[in-house]
Amino acid sequence: MARLLKGKDVIDSLNISLKERVDRLKEKNVTPTLAIIRVGERPDDLSYEKGAVKRCQQVGVEVRVTALPESIEELDYFRKIEELNQDSSIHGILILRPLPKGIDEAKARNLLKPEKDVDGCTDLSLAGVFIGSDLGFAPCTAEAAMEILKYYNISLAGKRVAVIGRSLVIGRPVAMMLMHENATVTICHTKTSDIPAIPQNADIVLLAS
């Protein structure tokens, strides 16, 4: 029988545990702080930023938003990243993308220190996912999928998992994370023949829109 795993209960559980961890850090005079860098005022960026701030506030994490003009020069943007990299009071950095055409996005994201790359977007963070090390963080969507499976006590060892999509945001990194848990993974993408047939033979189907 098919079972749809929903995220709300997982979020509620994570919020409780995260708040406890944040409270313990604050007892040691450490206030976990996230820096968000936004260029311009695109509606989708503002919406994402609002959601991130709300989620952080729920668990006691401080947020500092750096709003930069859309006309900012590339070097000035890079300097802001470096400034936050060196700021010991900042524990995580989130850069809102896509960036304006005048800023090299690949270079910008790879300027982030892996230990502050909370979105798991640097090449080093992704390398950590692929080799199974603690270098940086996994992309948040892939990590969320794994947390849902963990919350519902879904055993992965030996299971056949169909992953729909091969992006670096979810498909490829989550496939590697599943294999680290000894699952057998098939990745489906736009060039895959007869995609509907593959999930029929899978124990778990994972997709994200």
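Odds and ends about this structure:
- Subset of the stretch 79-100 (residues that are open to solvent by 80 Å² or more (accessible area, probe 1.4 Å) and of a type in the set (Ser, Thr, Tyr)): Ser88
- Residues in the stretch 26-47 that are open to solvent by less than 70 Å² (accessible area, probe 1.4 Å) and more than 22 Å from Glu70 (Cα to Cα): 4 in all.
- Of the residues making up the stretch 1-27, those that are under 22 Å from Glu62 (Cα atoms) and in a loop (DSSP other than H, G, I, E, B) number 0.
- Subset of the stretch 196-207 (residues that are part of a loop (DSSP other than H, G, I, E, B) and open to solvent by less than 50 Å² (accessible area, probe 1.4 Å)): Ala202
- Selection status of Arg79, part of a loop (DSSP other than H, G, I, E, B) and either among the basic types (Lys, Arg) or under 28 Å from Asp194 (Cα atoms) (or both): no
- Among residues of the stretch 125-139, those that are closer than 21 Å to Arg97 by Cα and surrounded by fewer than 17 Cβ atoms within 10 Å (Cβ to Cβ), counted: 1
- Taking each residue of the stretch 108-132 that is in a strand (DSSP E or B) and looking for partners that are open to solvent by 40 Å² or more (accessible area, probe 1.4 Å) with beta-carbon atoms closer than 9 Å, six or more apart or interchain, yields Asp117/Arg109; Asp117/Leu124; Asp117/Phe137.
- Selection within the stretch 140-150 - within 17 Å of Arg166 (Cα to Cα) and open to solvent by 40 Å² or more (accessible area, probe 1.4 Å): Cys140, Thr141, Glu143, Ala144
- Residue check, Ile148 more than 16 Å from the chain's Cα centre (by Cα) and either at pLDDT below 95 or not in a loop (DSSP other than H, G, I, E, B) (or both): no
Let's see how each residue does on (1) surrounded by 17 or more Cβ atoms within 10 Å (Cβ to Cβ); (2) of a type outside the set (Ser, Thr, Tyr); (3) touching a helix residue (DSSP H, G or I) at 6+ places or on another chain (Cβ under 8 Å):
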{"residue": "Lys8", "(1), (2), (3)": "no, yes, no"}
{"residue": "Val65", "(1), (2), (3)": "no, yes, yes"}
{"residue": "Pro69", "(1), (2), (3)": "no, yes, no"}
{"residue": "Tyr77", "(1), (2), (3)": "yes, no, yes"}
{"residue": "Gly102", "(1), (2), (3)": "no, yes, yes"}
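- Cβ-Cβ distances below 6 Å connect the following pairs, each with a first residue in the stretch 1-21 that is over 16 Å from Arg55 (Cβ atoms), a second residue that is at pLDDT 85 or above, and a separation of six or more residues or different chains: Leu5/Ile148; Leu5/Tyr152.
The values are calculated or read from the model by the stated rules, or taken from the named source; none is laboratory data. Quantities reported herein were computed from a predicted structural model and do not represent experimental measurements. Because the Cβ atoms are built from the backbone with ideal geometry, glycine has one as well, and the counts that use them run over all protein chains shown. For the accessible areas, the whole protein counts, side chains as well, though only heavy atoms, and no ligand, DNA or RNA atoms are used. Shrake-Rupley method; radii C 1.70, N 1.55, O 1.52, S 1.80 Å.
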